[in-house]
Amino acid sequence: MTQPFKRHRRLRSSAGVRRLVREATLQPSDFIYPLFAVEGEGRKEEVSSMPGVFHFSLDRIKAEMDEVVEAGIRSVIVFGVPDYKDHVGSEAYNEEGITQQAISLIKEAYPEVSIVADTCLCQYTDHGHCGIIENGQILNDESLALLGKTAVSQARAGADIIAPSNMMDGFVAVIREALDEAGFVHVPIMSYAVKYASSFYGPFRDAAHSTPQFGDRKTYQMDPANRLEALREAESDVEEGADFLIVKPAMAYSDIIRDVKNHFSLPVVAYNVSGEYSMIKAAAANGWIDEKSLVLEMLTGMKRAGADIIITYHSKDAAKWLSN
Ligand code: PBG
């Protein structure tokens, strides 16, 4: 033989060796499971565009939480879907709102579970936008105070982590100040720092009843073509006091997950969003893919890209698959 060559296959020669040299691993504690709470009683209704994802009324949440905890998952992100919506999203900061009630209930029954509260206005406004509207414009500074109020009401209800998702400039600074003033200095902020205006959110808007009634979210969510902008967004959130940085969506944005991981020293969270979930469920229902191995491969890819934590609708399934 004239040319010497490397034998890469040595490290793949058996399952045992492959396990030893594996770089990225997945475990149930990596996952945050999204939970949708609705008003009423006795409701467990499947979201039509998200098979396996349900709306739960408060009396049905415990049964679901038992399964979540049993699967080894120790964190949930709560989305309340109120019946009543108005121009200023009053239910978002109603201390007795559906989100606050769901948080309190979970906190009391499962004190060991970390509850993340999604802090936004879009599920609560009649126009479906994430901030206050005037003459067709989404106002930035006027929306901030409401976000601060929302975050404080969620922390009061028992949220362990506040996750603002509305992409107004300055939201981390305002929420940090509001939390501190209300005595919640120890409650961390998991900022949706890098959130793109994405078609992958389509099924979520069915689930959260939050489709904008006019226009789109492109004046506040980011242009999918931009990479440097992601660093600017993350940088200002770090300066304002963010404790975690979310990149959203995840699948088409692994370069961004890696960039954020390399540039900042905070934990990075990948949000594996609704459309990413629904595409896999549809393909699996058609028998076109092997759901289990594909989901685990995708989630492993997100860890490899640099995510420390993954928010995913696949959490329960993935956690079960990992433990057997
Ligand atoms: C609220 C919010 C959205 C998602 C999480 N929080 C919707 C949006 O911005 O339109 C999307 C989650 C998903 O698609 O799974 N602002």
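State whether one or more residues within the range 57-65 are farther than 29 Å from W321 by Cα and more than 20 Å from the chain's Cα centre (by Cα). If you could, list the steps in order and put the result at the bottom.
Of the residues in the range 57-65, the ones farther than 29 Å from W321 by Cα are none.
Scanning the range 57-65 turns up no residue that is farther than 29 Å from W321 by Cα and more than 20 Å from the chain's Cα centre (by Cα).
Is there a residue in the range 180-200 that is of a type outside the set (S, T, N, Q), within 16 Å of the chain's Cα centre (by Cα), at pLDDT 95 or above and assigned to a helix (DSSP H, G or I)?
Of the range 180-200, the ones of a type outside the set (S, T, N, Q) are 180-190, 192-197, 200.
Those left that are additionally within 16 Å of the chain's Cα centre (by Cα): 188-190, 192-197, 200.
Still in the list and also at pLDDT 95 or above: 188-190, 192-197, 200.
With the extra rule that they be assigned to a helix (DSSP H, G or I), the set shrinks to 200.
Yes.
Suppose the filter is buried (at least 16 other Cβ atoms within 10 Å of the Cβ) and over 29 Å from G52 (Cα atoms); does E239 pass it?
For E239, the condition - buried (at least 16 other Cβ atoms within 10 Å of the Cβ) and over 29 Å from G52 (Cα atoms) - is not met.
Could you check the range 1-22 and list, in sequence order, the residues that are of a type in the set (K, R) and in a loop (DSSP other than H, G, I, E, B)?
So in the range 1-22, the residues of a type in the set (K, R) come out as 6-7, 9-10, 12, 18-19, 22.
K6, R7, R22, listed by residue number.
Got a sec? Which of V268, V273 is among the aliphatic types (A, V, I, L, M) and near the ligand (Cβ under 10 Å from one of its atoms)? Reasoning before the result, please.
Values: V268 fails: near the ligand (Cβ under 10 Å from one of its atoms).
So the residue among V268, V273 that is among the aliphatic types (A, V, I, L, M) and near the ligand (Cβ under 10 Å from one of its atoms) is V273.
Conditions: (1) part of a loop (DSSP other than H, G, I, E, B); (2) closer than 28 Å to G80 by Cβ; (3) over 16 Å from the mean Cα position of the chain (by Cα). N226 meets all but one. Number of the miss?
(2)
Tell me, which residue of the range 114-135 that is away from the ligand (no atom under 13 Å from the Cβ) and more than 18 Å from K85 (Cβ to Cβ) is surrounded by the fewest Cβ atoms within 10 Å (Cβ to Cβ)?
Filtering the range 114-135 for residues that are away from the ligand (no atom under 13 Å from the Cβ) and more than 18 Å from K85 (Cβ to Cβ), the one surrounded by the fewest Cβ atoms within 10 Å (Cβ to Cβ) comes out as N135.
Quick test of your reading of the structure: Q221 fulfils all but one of (1) at pLDDT 95 or above; (2) surrounded by 19 or more Cβ atoms within 10 Å (Cβ to Cβ). Name the failing condition by number.
Against the list (1) at pLDDT 95 or above; (2) surrounded by 19 or more Cβ atoms within 10 Å (Cβ to Cβ), Q221 comes up short only on (1).
Y201 - would you say it is surrounded by 16 or more Cβ atoms within 10 Å (Cβ to Cβ), within 11 Å of the ligand (Cβ to nearest atom), more than 18 Å from E276 (Cα to Cα) and of a type in the set (F, W, Y)? Explain how you work it out, then say what you get.
Details: surrounded by 16 or more Cβ atoms within 10 Å (Cβ to Cβ): yes; within 11 Å of the ligand (Cβ to nearest atom): yes; more than 18 Å from E276 (Cα to Cα): no; of a type in the set (F, W, Y): yes.
So Y201 does not fit the description; no.
The values are calculated or read from the model by the stated rules, or taken from the named source; none is laboratory data. The model shown is predicted, which means the values in this text are computed figures rather than measured ones. Positions of Cβ are backbone-derived with ideal geometry, glycine not excepted, and every protein chain shown enters the neighbour counts.
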